[in-house]
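Structure record follows, encoded as structure tokens.
The values are calculated or read from the model by the stated rules, or taken from the named source; none is laboratory data. What you see is a predicted model, and the numbers here were worked out from it, not measured in a lab. All Cβ positions, glycine included, derive from the backbone under ideal geometry; neighbour counts span all protein chains shown. Side chains included, ligands, DNA and RNA excluded: accessible areas come from the protein's heavy atoms. Shrake-Rupley method; radii C 1.70, N 1.55, O 1.52, S 1.80 Å.
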Amino acid sequence: MTQQEALKILKAGHNVYITGAAGSGKTYLLNEFIQYLKEREIGVAVTATTGIASTHLGGLTIHSWAGIGIASEAGDDEIKAIASNRRIARRFENTNTLIIDEISMLDAARLSLVNRVAKAAKGSFKPFGGMQVVLCGDFFQLPPVARVGEPQPKFAYRSSTWEELNPKICYLTQQFRQAGDALLDVLNAIRQNEVSEEIKKFLFSRRGAIISNNRVTKLYSHNVDVDAENFRELSGLSGEKMEYYMNFEGIKAAIKALKGGCLAPETLIVKKGAVVMFVKNNFEKGYVNGTLGKIADFSENGHPVVKTLSGKKIIAAPESWSVEENGKILAKITQVPLRLAWAITIHKSQGMTLDAAEIDLSGAFEEGMGYVALSRVRTLGGIKLLGLNDIALKVRQEILEFDAELRTRSEEVSREFKNKNIDDEGKSRAQNKQKSYSVSEIRKSYVAAYKKWSSEEDEKLIADFRAGQTISALAKALGRKKGGIVSRLKKLGLS
């Protein structure tokens, strides 16, 4: 499916899962759709599962936005408490479209939590309270991580919430990063779990390879290796240190989240000759997230002058990152858009496009790590392989099976929408728009809806239920919705 076909389906107001190989333009498509919604003043919440991904889109993590924090489960009373929070309730009330990027790293339990909060906040039993939901990501990339003491999490698509949502599948098939290069054959082989001896030869030909330009980033599995490498290399340079400090403004919590997800450090320390990487897209100035270079000089204003691999010199003037909610900026940080780039973790490289990289996969500890690292680079000739272990090129069998299903469903969606024009889709959005209600509106009819149950209410519920009262009568007597009565009876072990 092309980006334009997928955009047409998104504009129609359908729930959608956008996927495709690394470099297929998923984030670009999301940004196009976000711009479309903003131009039409359609309330959109932009979220992602990681701070880094959410910062690229100018949003929050889904955990923060939906108020679930690090929780993986919650009781009905906890869900009601979250949904009744004034800040959270207002977010849901103002949101018509919810976007969740990097869905591969959101586990099934937390996706279901967000769904439950949305239903409570919107006062609707429809999936996510009737909002249009757009999921984006690639399950071949990094999986959800288990927190200490938690069981191994399940992928989001294995939740009942995914089935309930029943998203249209938009599998992007164009390639904008490795098109026409042997590296594309390697990546496709990994995705299909068909890493033959011939494919391995391609990779092993890059073991210890000499890359003509020495401005190359090393990708490591662990932060400790990255920090040590960058510190050692910077310390080895002579010359004066230049320091740049991040400026920030806005709500404290939003600033904290924004700083945590921004790849530019709070204090950037560089010297002439330092290998650096741009960490923001600025097509007009000629750099993107991942563009490599060396500090060649400093401008009259004291800004770093970066000489890129192509030989172009760019003045790295400060840039801003912001978090928006319903058109209002909650927080903004400003910093020179660079970071030291002798080394970076594979995790932080997600979303980047690199011209060259030294990749050490000897410490890979998750299936998908090798795919993520290798797919950051434009060509096979830009890779110097430092190490490789058995898990690095593996992908999970369940992902292979699910991917085949996604491709089939995407082809079906393409045929379904092939002969529909934009006007038809505009009507479809209007027809499919789900009416939702705030908690305050619901309480006009059900005075106790979504409130915490008191012991007195429980006693009355138990007594009246045992006396043979109907669900409708119980709901009327207690000022609650029938669904709330049924849920409480189940929790009390009475149904």
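Tabulated results
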item	result
Kirkwood Rh in Å, taken over all unlike Cα pairs in the range 303-371	15.4
Per residue solvent-accessible surface (Å²) - the chain, probe of 1.4 Å	46
Surface share of carbon and sulfur [accessible, 1.4 angstrom probe, percent] for the chain	48
Given charges at Cβ of Lys, Arg, Asp, Glu: the range 182-387 dipole, positive-most of G351, I329, L292	L292
Burial order of peptide ranges 101-110, 156-165 (average beta-carbon count within 10 Å, highest first)	101-110, 156-165
Helix-derived mean residue ellipticity, 222 nm - over the chain, DSSP H n ≥ 4, -39500 (n - 2.57), to 500	-11000 deg cm²/dmol
Residues with amide H under 5 Å from that of A274, placed H, sequence gap 5 or more	I295
Karplus (6.51, -1.76, 1.60) ³J(HN,Hα), θ = phi - 60°, over the range 90-100, in Hz, Gly and Pro reported as x	5, 4, 5, 4, 8, 10, 9, 10, 10, 10, 10
Cα-projected label distance for Q35 with E416, points at 7 Å along beta-carbon direction, nm	2.8
Over the range 345-400, volume per residue of the alpha carbon convex hull, in Å³	83
Surrounding net charge for K80, when Lys and Arg each add one and Asp and Glu each subtract one, Cβ distance under 9 Å	-1
Translational diffusion coefficient (Stokes-Einstein; Kirkwood radius from C-alpha pairs) of the range 182-387 at 20 °C, 1.002 mPa s, in µm²/s	118
Positive-end residue, the chain charge dipole about Cα centroid, Cβ charges, pick of L187, T2, G43	G43
Peptides ranked, highest mean first, by Cβ atoms within 10 Å: ranges 4-12, 203-211	4-12, 203-211
Debye, to nearest 20: dipole size of the range 182-387, +1 on Lys, Arg Cβ, -1 on Asp, Glu Cβ	380
Paramagnetic label zone (point 7 Å from Cα along Cα-to-C-beta, E284; backbone N under 16 Å) in the range 297-315	315
Cross-link partners of K328 among aspartates and glutamates (Cα-Cα below 17 Å; sequence separation of 8 or more within a chain)	E39, E41, E93, E249
Nearest-20 debye value, the chain charge dipole, Cβ charges on Lys, Arg, Asp, Glu	1360
L338 long-range amide H proximity, modeled H, under 5 Å	V279
Whole-Hz ³J(HN,Hα) from phi, Karplus 6.51 cos²θ - 1.76 cosθ + 1.60, for the range 238-251, glycine and proline x	7, x, 7, 7, 10, 10, 10, 10, 6, 9, 8, 8, x, 6
